[in-house]
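Below is one structure, written out as structure tokens; the observations come after it.
The values are calculated or read from the model by the stated rules, or taken from the named source; none is laboratory data. Computed from a prediction, not measured in an experiment: that's the story for all the values here. All Cβ positions, glycine included, derive from the backbone under ideal geometry; neighbour counts span all protein chains shown. Each accessible area value is taken on the protein alone, full model and side chains, heavy atoms only, with ligands, DNA and RNA left out. Shrake-Rupley method; radii C 1.70, N 1.55, O 1.52, S 1.80 Å.
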Amino acid sequence: DGGITQSPKYLFRKEGQNVTLSCEQNLNHDAMYWYRQDPGQGLRLIYYSQIVNDFQKGDIAEGYSVSREKKESFPLTVTSAQKNPTAFYLCASRGGTGVSYEQYFGPGTRLTVT
Amino acid sequence: AQSVTQPDIHITVSEGASLELRCNYSYGATPYLFWYVQSPGQGLQLLLKYFSGDTLVQGIKGFEAEFKRSQSSFNLRKPSVHWSDAAEYFCAVPNFGNEKLTFGTGTRLTIIP
């Protein structure tokens, strides 16, 4: 089945540690996205990539980093510089060019930092 | 930049009743608009999308939405809700030029028996 996988579903880390969230897609989509979701705030864009080896900052990139070495993979690292990392993180991908193409979402990773 | 507003944070309806969730957009030209649904602890699923043409759009799970330019709205409707419709619903608009989506803050739907 084609889709987006995120692992793990739940992740726990101690404050001060970096943590990497996995996102893999087998939809052959060029564009991939990372969002952060907090209660009552909707989805906020962290980073996005429209092509391999290229990515752009979204609205809340501080304290995060990404890489796009392969078309199907777009891992997100939450660094110790992120002041409030506990949140639900969603990965998405989009096929085709132009704004008419919808984004497909993975199941999400809930990160808890204590 | 384009934006959407969902004025209702939380709506409660009885099972079998009709539903309307509001979405207002801010954009001069005819926008592209999306409605997504998110079940608790899950990712988002596309319900329907509007690009042009017929202003009444049919989606999955029995949902529809109507684009009204005069009211800058794209409200989501369902004639009879089921308990499984309890979820959070997001309206979204793409930002032209960079193909990002901007989401509304969401409306949480509770269904009572």
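Some notes on this structure:
- Accessible-area composition of chain A, carbon plus sulfur, in percent [1.4 Å probe]: 47
- Projected-area mean, chain A, by convex hull of Cα positions, square nanometres: 7.0
- Dimensions in Å of segment A:43-110 - Rg and Dmax from alpha carbons: 12.3, 37
- Within chain B, the percentage of alpha carbon pairs spaced more than 22 angstrom apart rounds to 27%.
- Dipole check for chain A: with +1 at the C-beta of Lys and Arg, -1 at the C-beta of Asp and Glu, and the Cα centre as origin, the magnitude is about 320 Debye.
- Kirkwood-based shape ratio for the protein assembly as shown, expressed as Rg/Rh from alpha carbons: 0.97
- For the protein assembly as shown, the solvent-accessible area with a 1.4 angstrom probe is 47 square angstrom per residue.
- All-pairs Cα distance distribution in segment A:1-53, expressed in whole percent, bin size 10 Å: 17, 45, 32, 5
- Accessible area buried between chains A and B, both sides summed, probe 1.4 Å, in Å² to nearest 100: 1800
- Counting protein heavy atoms only, chain B has 49 percent of its accessible area on carbon and sulfur, 1.4 angstrom probe.
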